[in-house]
Amino acid sequence: MSSYLILNANIVNEGKITTADLLIKNGKIAKIASDLSDEKADKLINAYGKYLLPGCIDDQVHFREPGLTHKAEIYTESKAAVAGGITSFMEMPNTVPNTVTQELLEAKYQRAYDVSLANYSFYMGATNDNLEEVLKTDPSKVCGVKAFMGSSTGNMLVDNEKTLEGLFSKVKMLIAVHCEDEATVRGNTEKFVEEYGEDIPITAHPKIRSEEACYKSSSMAVRLAKKHGTRLHILHISTAKETELFDNSIPLEEKKITAEACVHHLWFTDKDYEEKGTLIKWNPAVKTESDREEIFNAVLDDRIDVIATDHAPHTLDEKDNKYLKAPSGGPLVQHSLVSMLEHYHSGKISLEKIVEKMAHSPAKLFQVEGRGFVREGYFADLVLVDLDSPWTVSKENILAKCGWSPFEGQTFKSKVLRTFVSGNQVYNDGEFDETEKGMRLSFNRS
């Protein structure tokens with residue numbers, strides 16, 4: 001593995017921006033100092049005027065492998081991720097088959113070991129009848145347990161209250177939940193079917209997957225977590241009302257209940273359905289401008305702890321359907337960091353806060369070992385960014401296997417120049433070095 005000396009970088013880390021040099025050796029950050037010009041390294045990088053960030057840790061992706069690899073696969077999506085500045089991902093269990101046994105979970109890890117360009121972890125999936133299997137999960141080697149308290153594929157809808165009580169009372173590691181009340185969603189769908197038949201407009205999506213559906217489920221999850229002392233993490237908050245459920249009066253390390261916002265809920269609103277149609281159909285739905293603004297406020301004031309993607313590709317043929325048949329989800333990993341940097345350019349969020357929410361906080365929240373910060377002795381998971389290098393998203397530069405993006409046609413002011421994963425420069429301005437693969441994440445949990 002090559003050593004690297006990065007000179008004159010503006011390092012964004014732990015609430016500060018400092019100009020310094022950084023030495024990478026044996027996969028780790030060996031030294032950070034104001035002048036390391038006397039140090040020897042295989043490769044020299046002059047980063048003058050550029051910004052060096054800790055690599056993003058995305059706590060929610062769907063890379064579709066096994067079983068759905070016509071949409072995406074671990075190799076292609078990890079490639080898109082590192083090109084977008086994501087150096088570690090945590091992937092969801094609603095593949096085919098669902099990841100609901102220890103054997104299926106380990107098979108994913110083996111596949112990622114062979115092909116993933118980013119560091120990786122995989123959630124163990126909960127169902128209405130696999131609690132004993134869930135309890136075998138090793139919290140030092142697995143990011144968490146995932147429960148879908150709302151629509152999912154296969155047997156993964158966990159809506160039985162007795163099952164949820166068992167899950168929340170017995171699982172000691174982090175439980176990540178998708179919260180939408182299934183009965184409310186079904187009832188709303190029936191009303192729109194009665195009115196429109198098969199021709200429900202896409203603009204109905206946030207009314208079907210409504211604020212009520214989200215809040216009813218999220219508040220139940222919080223109530224169960226408080227009752228049992230569960231370590232709960234609620235994914236993709238999409239409503240202003242839900243932000244009331246979360247606390248910013250204590251440090252993240254002391255929180256038992258945490259929350260995530262996704263880049264699409266910070267970017268799009270229901271006004272965008274007319275132009276984007278089913279391309280921005282996600283579960284939970286993109287909702288109103290006031291919802292978006294309050295989610296953003298909750299990110300800024302630390303009621304919401306992390307920013308992720310919920311990257312969930314489908315093919316354009318699948319998306320090009322009427323409302324009821326078009327699947328929910330879309331590709332986001334390649335453009336998540338640059339979309340947040342666009343908010344920096346518009347004055348909505350600082351660079352330090354972006355780094356906090358996309359690197360530091362996921363590392364703290366999941367207790368990731370040796371990553372998420374620019375610190376001596378930590379793995380060299382790093383991203384070098386040019387904040388003044390405009391480029392436009394087009395079919396030609398999209399790396400996700402599905403070949404499209406909801407950001408197509410968008411010009412971003414910032415560009416990811418280089419990405420290091422565990423000390424390997426895996427991405428360099430459009431070129432990839434695939435000789436080293438990512439590593440399995442480990443977790444500092446007692």
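The values are calculated or read from the model by the stated rules, or taken from the named source; none is laboratory data. The structure presented is a predicted model; accordingly, all values stated were derived computationally and were not measured. Ideal geometry is used to build each Cβ from the backbone, glycine not excepted, and the neighbour counts take in all protein chains shown. Quick note on the areas: whole protein, heavy atoms, side chains included, nothing else; ligands and nucleic acids left out. Shrake-Rupley method; radii C 1.70, N 1.55, O 1.52, S 1.80 Å.
Among the helices (runs of 4 or more DSSP H) contained in the range 87-172, which hold 3 or more residues that are under 24 Å from Ile237 (Cβ atoms)?
161-170
Which residue pairs have Cβ atoms under 7 Å apart, sit 6 or more places apart or on different chains, and have a first residue in the range 161-172 that is free of Cβ contacts under 8 Å to residues at least 40 places away in the same chain and a second that is open to solvent by 10 Å² or more (accessible area, probe 1.4 Å)?
Between residues of the range 161-172 that are free of Cβ contacts under 8 Å to residues at least 40 places away in the same chain and residues that are open to solvent by 10 Å² or more (accessible area, probe 1.4 Å), the close pairs are Thr163/Asn128; Gly166/Leu131; Lys170/Leu131; Lys170/Leu135.
Looking at Thr278, Thr309, Thr288, which is the one that is more than 20 Å from the chain's Cα centre (by Cα), closer than 25 Å to Glu73 by Cα and of a type outside the set (A, V, I, L, M, F, W, C)?
Thr278
Just to be sure I understand, how many residues within the range 196-224 are farther than 29 Å from Ala259 by Cβ, out of contact with any helix residue (DSSP H, G or I) (no Cβ under 9 Å at 6 or more places or on another chain) and either in a helix (DSSP H, G or I) or touching a residue at least 60 places away in the same chain (Cβ under 8 Å) (or both)?
Taking the range 196-224 and keeping what is farther than 29 Å from Ala259 by Cβ, we get 196-201.
Then drop every residue that is not out of contact with any helix residue (DSSP H, G or I) (no Cβ under 9 Å at 6 or more places or on another chain), which leaves 197-199.
Applying the additional criterion that residues be either in a helix (DSSP H, G or I) or touching a residue at least 60 places away in the same chain (Cβ under 8 Å) (or both) yields 198-199.
Adding up the residues that qualify gives 2.
Among (1) part of a loop (DSSP other than H, G, I, E, B); (2) open to solvent by 30 Å² or more (accessible area, probe 1.4 Å), there is one condition Arg418 misses while meeting the rest; what is its number?
Of the numbered conditions (1) part of a loop (DSSP other than H, G, I, E, B); (2) open to solvent by 30 Å² or more (accessible area, probe 1.4 Å), the odd one out for Arg418 is (1).
What are the residue pairs meeting all of these: first residue in the range 35-52, first residue at positive phi and assigned to a loop (DSSP other than H, G, I, E, B), second residue at pLDDT 95 or above and open to solvent by 50 Å² or more (accessible area, probe 1.4 Å), Cβ atoms under 9 Å, and 6 or more apart or on different chains?
Cβ pairs passing all conditions: Gly49/Asn8; Gly49/Asp388.
Suppose the filter is among the charged types (D, E, K, R), free of Cβ contacts under 8 Å to residues at least 40 places away in the same chain and open to solvent by 10 Å² or more (accessible area, probe 1.4 Å); does Glu254 pass it?
It is true that Glu254 is among the charged types (D, E, K, R), free of Cβ contacts under 8 Å to residues at least 40 places away in the same chain and open to solvent by 10 Å² or more (accessible area, probe 1.4 Å).
Checking Phe63 against (1) touching a Ser or Thr at 6+ places or on another chain (Cβ under 7 Å); (2) over 19 Å from Val385 (Cβ atoms), which test does it fail?
Failing condition for Phe63: (1).
Considering each of Glu91, Glu73, Glu103 in turn, give the residue that is at pLDDT 95 or above, of a type in the set (D, E, K, R) and buried (at least 22 other Cβ atoms within 10 Å of the Cβ).
Answer to the check: Glu91.
Scan the range 271-298 for residues that are farther than 17 Å from Ser210 by Cα and aliphatic (A, V, I, L, M) and jot them down.
Of everything in the range 271-298, those that are farther than 17 Å from Ser210 by Cα and aliphatic (A, V, I, L, M) turn out to be Leu279, Ala298.
Could you tell me whether the range 338-356 includes any residue that is open to solvent by 10 Å² or more (accessible area, probe 1.4 Å), under 30 Å from Glu198 (Cα atoms) and without any contact (Cβ under 8 Å) to a residue 24 or more places away in the chain?
No, the conditions are met nowhere in the range 338-356.
Looking at (1) over 22 Å from Asp59 (Cβ atoms); (2) buried (at least 20 other Cβ atoms within 10 Å of the Cβ), which is the only condition Thr239 fails?
Answer for Thr239: the failing condition is (1).
Please enumerate the residues belonging to the range 270-300 that are of a type in the set (Phe, Trp, Tyr), under 20 Å from Met340 (Cβ atoms) and buried (at least 21 other Cβ atoms within 10 Å of the Cβ).
Trp282, the sole residue that qualifies.
Among the residues of the range 357-371, is there at least one that is under 20 Å from the mean Cα position of the chain (by Cα), open to solvent by less than 10 Å² (accessible area, probe 1.4 Å), over 30 Å from Ile24 (Cα atoms) and not acidic (Asp, Glu)?
no
So in the range 32-51, with the set limited to residues that are charged (D, E, K, R) and closer than 20 Å to Val385 by Cα, which one is least open to solvent (accessible area, probe 1.4 Å)?
Result: Lys50.
Only one residue in Ser389, Ser446, Ser405 is at pLDDT below 95, part of a loop (DSSP other than H, G, I, E, B) and either within 21 Å of Ile307 (Cβ to Cβ) or not basic (Lys, Arg) (or both), so which one is that?
Ser446
Can you tell me which residue in the range 408-443 is nearest to Val333 (Cα to Cα), limited to those that are without any contact (Cβ under 8 Å) to a residue 24 or more places away in the chain and among the acidic types (Asp, Glu)?
My answer is Glu408.
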